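S.K.: Below you'll find the structure I mean.
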Amino acid sequence: MLVIGQMSGTSYDAVDAAAAELRLLDGTLLLKPLGMVSTPYDAELREALAGALPPAAVPLARVCLLDTRIGQAFAAAAVRANRVLCGGRADLVASHGQTVYHWADGGRVHGTLQLGQPAWIAEATGLPVVADFRPRDVAAGGQGAPLVSLVDLLWLRGRPGTPVALNLGGIANLTAPDGTAFDTGPGCALLDAAVREFTGGRLAYDVDGALAARGRPHGPLLEELLAEPYYALPAPKTTGKELFHAGYWRPSAGLSAEDALATLTLLTARTVADAVRGLAATEVIASGGGTRNPVLMRMLGELLPGIPVRVSDELGLPAAAKEAYAFAVLGFLTAHGLAGTAPSATGARHPSVLGSLTPGRNGLRLPAPAAGPPVRLRIE
């Protein structure tokens with residue numbers, strides 16, 4: 001089956017669409033990566049989305065506008081991916097959509113909202129679409145995240161020692177071989193917010209960590225930020241920009257851009273490293289946009305002496321596309337009637353088949369249910 005997986009993370013800068021050829025053979029899920037295309041949100045949509053994220057109060061008219069416009073952006077990206085990567089032969093689109101609110105309170109998740117109406121994708125591509133992956137896990141008592149953990153568990157099974165998968169997106173998360181998984185805290189979310197503030201929106205992120213490289217971490221601010229109660233919560237746990245938003249790091253501290261970015265970069269590295277050590281990891285396999293920040297990766301390596309920090313490309317999954325590929329896998333599992341969650345990772349009462357299905361132009365023709373779930377994932 002040719003599946004297009006779509007993702008736009010907490011940095012909300014673009015729609016990533018990765019295509020994969022997927023086959024389930026004797027308990028092994030075989031994934032052949034076909035490439036990824038990234039389609040930036042236009043400036044108007046990105047500004048509207050930024051203005052609607054927590055802690056902003058948003059009228060329902062704005063929610064409707066965003067659901068439509070994001071759905072259209074995902075539809076355009078899916079059409080492009082099908083043409084460029086699949087030669088027009090894709091069978092299914094798996095769309096994560098854009099998370100705009102993750103309702104976490106008191107260690108529980110009560111709801112989650114991803115916008116990007118899948119009807120636009122089905123209409124534009126003619127293909128069936130799996131979307132709204134997270135709510136089913138939340139309904140089953142789970143955190144609704146990190147959903148990529150099931151893919152990580154299948155992918156890393158059989159590696160020696162205790163390999164830990166790390167995703168450095170807007171929010172950072174870890175998955176360990178025993179099924180423990182959780183958001184460690186901010187990945188690039190606070191870094192990106194600070195860069196936009198200091199540059200008046202001219203830059204969206206700290207390119208190559210250049211600003212942080214010229215600064216010095218501010219000890220008192222770092223210690224204040226490390227006192228955040230979230231870090232002491234037990235797993236499973238999830239967070240988002242509802243907590244780690246633009247105003248969180250208290251820009252009134254009077255720091256220069258360089259020192260502020262150095263401090264926030266070290267905050268990410270420290271919280272990730274503390275979590276990795278708590279899992280007794282023997283290696284870290286990192287993916288996500290944060291892997292392109294050499295200062296962050298250097299700090300992380302220095303804080304984890306003796307623990308190799310590798311990028312997922314070394315194991316066959318491009319770091320920039322890994323989450324999109326993961327949702328392609330989750331869409332494939334849903335189409336075959338297979339659960340897409342690991343309860344040990346999300347805290348759910350039981351595994352669940354994820355998502356809602358939107359029929360394509362020729363109706364809904366799903367493959368026969370699989371005989372059993374995969375026990376491992378192999379990259380071809």
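S.K.: Under the rule of at least 5 residues apart or a separate chain, name every residue whose amide H is placed under 5 Å from the amide H of ALA14.
M.R.: Answer set, sorted by chain and number: GLY9, TYR41.
S.K.: Quick one: what Rg and Dmax do you get for region 67-205 from the alpha carbons, in Å?
M.R.: 17.6, 48
S.K.: Follow-up question, since we're still on this one. How long are the three semi-axes of the equivalent ellipsoid for region 335-380, computed from the Cα gyration tensor as the root of 5 times each eigenvalue, in whole Å, largest first? Write down the numbers at each step before the final one.
M.R.: Working: eigenvalues 109, 50, 20 Å².
Equivalent ellipsoid semi-axes, largest first: 23, 16, 10 Å.
S.K.: Further question on the same structure: Between ASP208 and VAL353, what is the FRET efficiency for a Förster distance of 51 Å, r being their Cβ-Cβ separation, to the nearest 0.05?
M.R.: Working: r = 42 Å, r/R0 = 0.82.
E between ASP208 and VAL353, to the nearest 0.05, is 0.75.
S.K.: Compute the signed sum of charges (Lys and Arg +1, Asp and Glu -1) over the other residues within less than 12 Å, Cβ to Cβ, of VAL164.
M.R.: 0
S.K.: Here's something else I'd like to know. State in Å² the accessible area per residue of region 69-216; use a 1.4 Å probe, count heavy atoms of protein chains only, and round to the nearest integer. Write down the numbers at each step before the final one.
M.R.: Values: 5410 Å² over 148 residues.
It amounts to 37 Å² per residue over region 69-216.
S.K.: Say we join alpha carbon atoms closer than 10 Å with springs in a Gaussian network model of the chain; which of SER356, SER256, SER95 then has the biggest fluctuation?
M.R.: SER256
S.K.: Still on this structure, please answer the following. Please go through region 306-355 and write out the trypsin sites (Lys or Arg not before Pro) that DSSP classes as loop and that have at most 12 other C-beta atoms within 10 Å.
M.R.: Working: sites: ARG310, LYS322, ARG349; in loops: ARG349.
Counting only loop positions with at most 12 other Cβ atoms within 10 Å, the trypsin sites (Lys or Arg not before Pro) in region 306-355 are ARG349.
S.K.: Looking only at ALA328, ALA210, ALA176, which one moves most when the chain is put into a Gaussian network model with springs between Cα atoms under 10 Å?
M.R.: So, out of ALA328, ALA210, ALA176, the one fluctuating most is ALA210.
S.K.: Inverting the mean 1/r over all pairs of different Cα atoms, compute the Kirkwood radius of region 251-380 and quote it in Å. Could you put the intermediate results ahead of the total?
M.R.: Values: mean 1/r = 0.0552 Å⁻¹.
Mean inverse Cα-Cα distance, inverted, gives 18.1 Å.
S.K.: Can you give the percent of C-alpha pairs in the chain whose distance is more than 30 Å? Working shown, then result.
M.R.: On the way: 24977 of 72010 pairs.
Value for the chain: 35 percent of Cα pairs lie more than 30 Å apart.
S.K.: What percentage of the solvent-accessible surface of region 77-164, computed with a 1.4 Å probe over protein heavy atoms, is contributed by carbon and sulfur atoms? Let's see the in-between values first.
M.R.: Details: 1670 of 3360 Å².
In region 77-164, the share of accessible area belonging to carbon and sulfur is 50 percent.
S.K.: Counting only residues 5 or more places away or on other chains, whose amide H sits under 5 Å from the amide H of SER356 once H atoms are built in the peptide plane?
M.R.: Counting only residues 5 or more places away or on other chains, the set is ALA131, ASP132.
S.K.: Go ahead and set up a Gaussian network model of the chain, Cα springs under 10 Å, then flag whichever of PRO217, PRO55, PRO234 fluctuates most.
M.R.: Result for the chain, Cα springs under 10 Å: PRO234 fluctuates most.
S.K.: Using modelled backbone amide H atoms (1.01 Å from N, in-plane), which distant-in-sequence or interchain residues come within less than 5 Å of GLY111's amide H?
M.R.: TRP103
S.K.: Taking N as the number of residues in region 1-135, what is its Cα Rg relative to 2.2 N^0.38 Å?
M.R.: Details: Rg = 15.8 Å, N = 135, 2.2 N^0.38 = 14.2 Å.
Dividing the Cα radius of gyration by 2.2 N^0.38 Å gives 1.11.
S.K.: Just to be sure I understand the model, the point goes 7 Å from the Cα along the line to the Cβ. What's the resulting ALA61 to GLU242 distance in nm?
M.R.: Result: 2.7 nm between the two label points.
S.K.: Still on this structure, I have one more. For region 184-343, what is the Kirkwood hydrodynamic radius in Å, using each pair of distinct C-alpha atoms?
M.R.: Numbers: mean 1/r = 0.0587 Å⁻¹.
Kirkwood hydrodynamic radius for region 184-343: 17.0 Å.
S.K.: On a full-extension model of 0.36 nm per residue, what is the gain between MET1 and SER256, subtracting their alpha-carbon distance, rounded to one decimal in nm? Could you put the intermediate results ahead of the total?
M.R.: Values: separation 255, 0.36 × 255 = 91.80 nm, distance 5.14 nm.
Stretched out fully, the MET1 to SER256 stretch lengthens by 86.7 nm.
S.K.: What does the convex hull of the Cα atoms come to per residue for region 216-280, in Å³? Walk me through the numbers before you get to the answer.
M.R.: On the way: hull volume 5.7 nm³, N = 65.
Per residue, the Cα convex hull of region 216-280 comes to 87 Å³.
S.K.: May I pose another question? Could you let me know the centre-to-centre spacing of region 252-293 and region 140-184, using Cα atoms, in angstrom?
M.R.: 17
S.K.: I need the calculated FRET efficiency for the pair THR199 and ALA232, taking r as the beta carbon distance and R₀ as 51 Å, to the nearest 0.05. Working shown, then result.
M.R.: Values: r = 34 Å, r/R0 = 0.66.
So, using R0 = 51 Å, E works out to roughly 0.95.
S.K.: Further, regarding this structure: Of all accessible surface on region 282-380 at a 1.4 Å probe, what whole percent is carbon and sulfur? Kindly include the intermediate steps, with their values, before the conclusion.
M.R.: Details: 2340 of 4280 Å².
Taking all protein chains in place, region 282-380 shows 55 percent carbon and sulfur surface.
S.K.: Continuing with this model, one more query. Using only the alpha-carbon atoms of region 252-310, report the extent along each of the three principal axes, biggest first, to the nearest angstrom.
M.R.: Largest first, region 252-310 extends 39, 22, 17 Å along its Cα principal axes.
S.K.: Shifting gears a bit: For region 170-236, take the convex hull of the Cα atoms, compute a quarter of its surface area, and give me that in nm², please. If you can, show how the numbers build up before the last one.
M.R.: Working: hull surface 23.5 nm².
Value for region 170-236: 5.9 nm².
S.K.: Hey, which lysines would be in cross-link range of LYS32, C-alpha to C-alpha under 28 Å, not counting anything within fewer than 8 residues on its own chain?
M.R.: LYS322
S.K.: Regarding region 58-138, what whole-number volume in Å³ per residue does the convex hull of its Cα atoms give? Mind dumping the intermediate values first?
M.R.: Numbers: hull volume 7.5 nm³, N = 81.
Enclosed volume per residue, from the Cα hull, is 92 Å³.
S.K.: OK, next. Considering only the chain, what is the antiparallel percent among its DSSP beta bridges, to the nearest 5? Walk me through the numbers on the way to the answer.
M.R.: Working: 38 of 57 bridges.
In the chain, approximately 65 percent of DSSP beta bridges are antiparallel ones.
The values are calculated or read from the model by the stated rules, or taken from the named source; none is laboratory data. Remember, predicted model here, so these are calculated numbers, not experimental data. A quick note on method: Cβ atoms are made from the backbone with ideal geometry, for glycine too, and the neighbour counts reach across all protein chains shown. Remember, those area values only see protein heavy atoms, side chains included, never the ligands or the DNA or RNA. Shrake-Rupley method; radii C 1.70, N 1.55, O 1.52, S 1.80 Å.
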